[in-house]
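J.: Shown below is the structure under consideration.
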Amino acid sequence: MELRIKEICKEKGLKLPDLAKRLGISRQALSKRINNNPTIESLSEIAEILKVDPIELIVPSSDYSHFYSGDEWLGIRRK
């Protein structure tokens with residue numbers, strides 16, 4: 001599963017070490033969470049800090065894409 005955490009952090013002007021600090025974990029622990037099959041709970045915690053829906057953290061398969069209205073995320077739909 002490919003994640004958009006780094007991309008969303010960049011959009012929000014937040015660096016990964018800052019995200020790790022807000023989660024109360026080390027940068028290395030955050031890296032493990034992101035790269036080693038993150039749990040729903042981990043994704044939910046990260047999404048809450050980033051103020052996004054947890055599904056926004058996941059890159060959809062090639063048949064689907066995220067869709068927006070302006071800056072508002074509306075969901076995932078088939079291409």
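The values are calculated or read from the model by the stated rules, or taken from the named source; none is laboratory data. All values derive from a computational prediction rather than experimental measurement. Counting neighbours? That spans all protein chains shown, and the Cβs are built from the backbone with ideal geometry, glycine included. The accessibility values were calculated without ligands, DNA or RNA, using every heavy atom of the protein model including side chains. Shrake-Rupley method; radii C 1.70, N 1.55, O 1.52, S 1.80 Å.
J.: Can you tell which of S61, S42, S26 is modelled with pLDDT of 95 or more and hydroxyl-bearing (S, T, Y)?
T.: Going through S61, S42, S26 in turn, just one is modelled with pLDDT of 95 or more and hydroxyl-bearing (S, T, Y): S26.
J.: Here is a list of conditions, (1) surrounded by fewer than 15 Cβ atoms within 10 Å (Cβ to Cβ); (2) at pLDDT 95 or above, and E11 meets all of them except one; can you say which number that is?
T.: Evaluating E11 over (1) surrounded by fewer than 15 Cβ atoms within 10 Å (Cβ to Cβ); (2) at pLDDT 95 or above leaves (2) as the failure.
J.: Take V59 and decide whether it is open to solvent by less than 100 Å² (accessible area, probe 1.4 Å) and touching a His at 6+ places or on another chain (Cβ under 9 Å).
T.: So V59 passes the test.
J.: Could you check the range 37-54 and list, in sequence order, the residues that are assigned to a helix (DSSP H, G or I), open to solvent by less than 70 Å² (accessible area, probe 1.4 Å) and more than 12 Å from L3 (Cβ to Cβ)?
T.: Those that are assigned to a helix (DSSP H, G or I), open to solvent by less than 70 Å² (accessible area, probe 1.4 Å) and more than 12 Å from L3 (Cβ to Cβ): S44, I49.
J.: Tell me the residue from L23, L30, L16 that is within 23 Å of W73 (Cα to Cα) and open to solvent by less than 50 Å² (accessible area, probe 1.4 Å), please.
T.: The match here is L16.
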